[in-house]
Each structure stands twice: as C-alpha cells, then as structure tokens.
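Here's the structure, in structure tokens; my notes come after.
The values are calculated or read from the model by the stated rules, or taken from the named source; none is laboratory data. In this text, all values refer to a predicted model and were calculated from it rather than measured experimentally. FYI the Cβ positions are ideal-geometry reconstructions off the backbone, even for glycines, and counts take in every protein chain you see.
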C-alpha cells in the first residue's frame, strides 16, 4: 500500500522535522494516525493496517489534545494538497 506509506512519511515530514523531544513511539503513532485519516477520508485501503500499528506504538501512552490537533492539521494539509476535500468537512465516526 504505497499510498498509506506515503501518507505516513509525509506526516513525519510535517510533524517531526528536527524534533527530538517527542518519544519515537508517539511520533510513529502520530504519523500512522495521519495515514489512517488520509486513507479513510479518501476511501483508500490501508486503514485496517494503520489501526493495528497505532495500537502497537501507543502501548501505555495516550495522545494528548495537542498531539491530536497536530494530527488533524497534518492530515488536512496532506489531503488538501491534492485539492480533494477539507478534513473539517469530513465527519469522523
């Protein structure tokens, strides 16, 4: 699933460039959550895989409100870069 991997790596570029204070496990969970949102929003396969990765990386950790907002912003940036949809118009269920 190259699109899922692309979303994940783009998320790292947007979220974690020159960042060393965030734990690697949280960085990976954030990037994988961005990939999940992108896949779900665009109707692409891969969301099932991302859920498992997110759970694995978050073992014992919870994403903060700040982290959640960063995730949403990164996902919106990636999705709207293609001129497809604004994430705030997408209802998460």
Would it be correct to say that residue 12 is at pLDDT below 90 and closer than 14 Å to residue 70 by Cβ?
-> no
In the set 31, 75, which member is closer than 18 Å to residue 1 by Cβ, assigned to a helix (DSSP H, G or I) and in contact (Cβ under 8 Å) with a residue 60 or more places away in the chain?
-> 75
Looking only at the range 62-74, and only at residues there that are closer than 13 Å to residue 32 by Cβ and at pLDDT below 95, the one that is surrounded by the most Cβ atoms within 10 Å (Cβ to Cβ) | 67
